[in-house]
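Read through the structure below, which is laid out as structure tokens, and then see the notes.
The values are calculated or read from the model by the stated rules, or taken from the named source; none is laboratory data. All values reported here derive from a predicted model rather than from experimental measurement. Cβ atoms come from the backbone with ideal geometry, glycine included; neighbour counts cover every protein chain shown. Note: areas computed on protein heavy atoms with side chains; ligands, DNA, RNA excluded. Shrake-Rupley method; radii C 1.70, N 1.55, O 1.52, S 1.80 Å.
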Amino acid sequence: MEGAAVSPIRPSLWTRRAGLAPLAYDEAVVEVGAPVELAEGIFLLRLPLPFALNHINVYLLRESDGWTLVDTGIDTAASRDVWNAVFGSSLFAQGPLRRIVVTHHHPDHIGLAGWLAERFGVPILMTPGELHVAGRYADPARDVVAERTPVWREHGLPQSVAAALLQHMPRYGTQVGRLPDNVVRIDVSQPLVLGGRTWTPIIGRGHAPEHLSLWCAEEGLLLGGDQVLPKITPNIAVWPGGDQNPLLSYLESLRQFEDLPAQALLLPSHRQPFRGIARRVEEIRAHHEERLIAVLQACDRPMTGYEFLPALFGRELRNEEIGFGLGEAIAHLNFLEGEGWLVSSVDAQGCRRFARSPVHPSH
């Protein structure tokens, strides 16, 4: 930025802290399809994903009469094959699946919930906000990808690219099996007893509307879902009908994790479990600060969201990456506009452009 290095993230969203414990990754060897016990009665099962991020971690919690499952994997033949092998293993000789808890509505987390619930005759537990969005996305009368087209066009996506995305972006219903009608809505104000432990719900925003993480204070365990991840950051994007300033919501949500004990073990939905949650929160904030500054530095004229993609990502995006990347670019631009760093206007053709604010905000 010009002159002084003023962070676009105001101090009320991020009070920097030094001397935090470093990240320490758990040494467990995690392979697809091979459950590994990380704490007494808690098993990580890694399932395949057909994306660049090629796996998801789901968690099996041993009950006295079977298992509770947290997240399910995407609905693909490869995922079902892994589950069928696990169900035939000695692990499930201890008892069947008893319940399914879903952290949020994204396909890699909820995709097989309906299949598993029907197979075992067990309930699915979700937060009300996530259940609402899952139902909206799964509605066969809607095409949520088509609904994004006006937003893409407003933010400068060329017509040819928008047409290709409309044709090739995956539809929710192809990755998520039908949910039963009797999904249990979690009361997030109350603790949950799962696997013989008491878990406090922590609700995150920004990545999803009512993302569920579960904190066991007694043993220092956090089932984190996607809200705090090692080495990567969750997609924070603007979608039609959703939060229009999700980066602000996400940064606000991170404050719930910054004071967790240094030795607490985070069990994430992707990559390796680790200790040092507060340090990771600092790294994620710094990542978004860096991206926000890059956007401001690139803004030397009125620009569309599409034109900001090279500055935000530093590489060429391909295929569906463009759709998700533009959603994330809009999130960063809306944050900067909300904080007073940028202003935007829409021209006669309905195209929105962002420009530097003539007055920089003061923190």
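Run down PHE87, PHE43, PHE51 and say which single residue is aromatic (Phe, Trp, Tyr) and at pLDDT below 95.
On the way: PHE87 fails: at pLDDT below 95; PHE43 fails: at pLDDT below 95.
On inspection, the qualifying residue turns out to be PHE51.
State all residues of segment 221-266 that are open to solvent by 30 Å² or more (accessible area, probe 1.4 Å) and either over 26 Å from VAL145 (Cα atoms) or assigned to a strand (DSSP E or B) (or both); if no residue qualifies, say none.
The answer is LYS231, GLU252, ARG255, GLN256, GLU258, ASP259, PRO261, ALA262, GLN263.
If a residue has to be assigned to a loop (DSSP other than H, G, I, E, B) and either farther than 30 Å from LEU317 by Cα or touching a residue at least 60 places away in the same chain (Cβ under 8 Å) (or both) to count, how many in segment 7-51 make the cut? Please lay out each step first, then the result.
As a first pass, look at segment 7-51 and keep what is assigned to a loop (DSSP other than H, G, I, E, B): 7-23, 26-30, 33, 35, 40-41, 49-51.
From what's left, either farther than 30 Å from LEU317 by Cα or touching a residue at least 60 places away in the same chain (Cβ under 8 Å) (or both): 7-23, 26-30, 33, 35, 40-41.
The total comes to 26.
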Residues in segment 123-160 that are out of contact with any Ser or Thr (no Cβ under 9 Å at 6 or more places or on another chain), in a loop (DSSP other than H, G, I, E, B) and hydrophobic (A, V, I, L, M, F, W, C): how many? 1
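Report, by residue number, each residue of segment 267-305 that is β-branched (Val, Ile, Thr) and in a helix (DSSP H, G or I). Even if it seems obvious, please write down each step before you answer.
Taking segment 267-305 as the starting set, the residues that turn out to be β-branched (Val, Ile, Thr) are 277, 281, 284, 293, 295, 304.
Answer for segment 267-305, where residues must be β-branched (Val, Ile, Thr) and in a helix (DSSP H, G or I): ILE277, VAL281, ILE284, ILE293, VAL295.
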Touching a Gly at 6+ places or on another chain (Cβ under 6 Å) and within 30 Å of ARG171 (Cα to Cα): is that true of ALA311 in this structure? no
Read through the list (1) more than 27 Å from LEU223 (Cβ to Cβ); (2) part of a helix (DSSP H, G or I); (3) more than 21 Å from the chain's Cα centre (by Cα); (4) in contact (Cβ under 8 Å) with a residue 60 or more places away in the chain, then give the number of the only condition that LEU166 fails. (4)
By residue number, the members of segment 206-220 that are open to solvent by 10 Å² or more (accessible area, probe 1.4 Å) and in a strand (DSSP E or B) are TRP215
Which numbered condition trips up PRO302, out of (1) closer than 25 Å to ARG255 by Cα; (2) at pLDDT 95 or above; (3) of a type outside the set (Ser, Thr, Tyr)? (1)
Residues in segment 336-363 that are outside any loop (DSSP other than H, G, I, E, B), under 19 Å from TRP152 (Cβ atoms) and of a type outside the set (S, T, N, Q): how many? 5
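Residues to consider are ALA93, ALA18, ALA77, ALA34; find the one that is small (Gly, Ala, Ser), at pLDDT below 95 and over 25 Å from ALA278 (Cβ atoms). Break it down stepwise before answering.
Values: ALA18 fails: over 25 Å from ALA278 (Cβ atoms); ALA77 fails: at pLDDT below 95; ALA34 fails: at pLDDT below 95.
The conditions single out ALA93.
Taking segment 55-75 only, how many residues are open to solvent by less than 10 Å² (accessible area, probe 1.4 Å), outside any strand (DSSP E or B) and in contact (Cβ under 8 Å) with a residue 60 or more places away in the chain? Don't jump to the end; show me each part of the working.
Pass one, segment 55-75, residues open to solvent by less than 10 Å² (accessible area, probe 1.4 Å): 56-61, 66-74.
Okay, now just the ones that are also outside any strand (DSSP E or B), so 71-74.
If we keep only those that are in contact (Cβ under 8 Å) with a residue 60 or more places away in the chain too, we end up with 71, 74.
The qualifying residues number 2.
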Among residues of segment 117-162, those that are of a type in the set (Ser, Thr, Tyr), within 19 Å of the chain's Cα centre (by Cα) and more than 15 Å from GLY241 (Cβ to Cβ), counted: 1
Scan segment 318-345 and report the pairs whose first residue is surrounded by fewer than 16 Cβ atoms within 10 Å (Cβ to Cβ) and whose second residue is among the aliphatic types (A, V, I, L, M), with Cβ atoms within less than 6 Å and a gap of 6+ or a chain change. GLU320/MET169; VAL343/ALA355
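Taking ARG353, is it farther than 19 Å from ASN245 by Cβ, over 18 Å from the mean Cα position of the chain (by Cα) and open to solvent by 70 Å² or more (accessible area, probe 1.4 Å)?
Numbers: farther than 19 Å from ASN245 by Cβ: no; over 18 Å from the mean Cα position of the chain (by Cα): yes; open to solvent by 70 Å² or more (accessible area, probe 1.4 Å): yes.
When the stated conditions are applied, ARG353 does not pass them.
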Of all residues in segment 158-205, which are in contact with a Gly (Cβ under 8 Å, 6 or more places away or on another chain) and either open to solvent by less than 60 Å² (accessible area, probe 1.4 Å) or among the hydroxyl-bearing types (Ser, Thr, Tyr) (or both)? LEU165, MET169, GLN175, VAL176, GLY177, LEU179, PRO180, GLY195, GLY204
Is there any pair with a first residue in segment 139-160 that is on the phi > 0 side of the Ramachandran plot and a second that is part of a helix (DSSP H, G or I) and surrounded by 16 or more Cβ atoms within 10 Å (Cβ to Cβ) whose Cβ atoms are under 7 Å apart and which are 6 or more apart or on different chains, and what are they? GLY156/TYR306; GLY156/GLU307
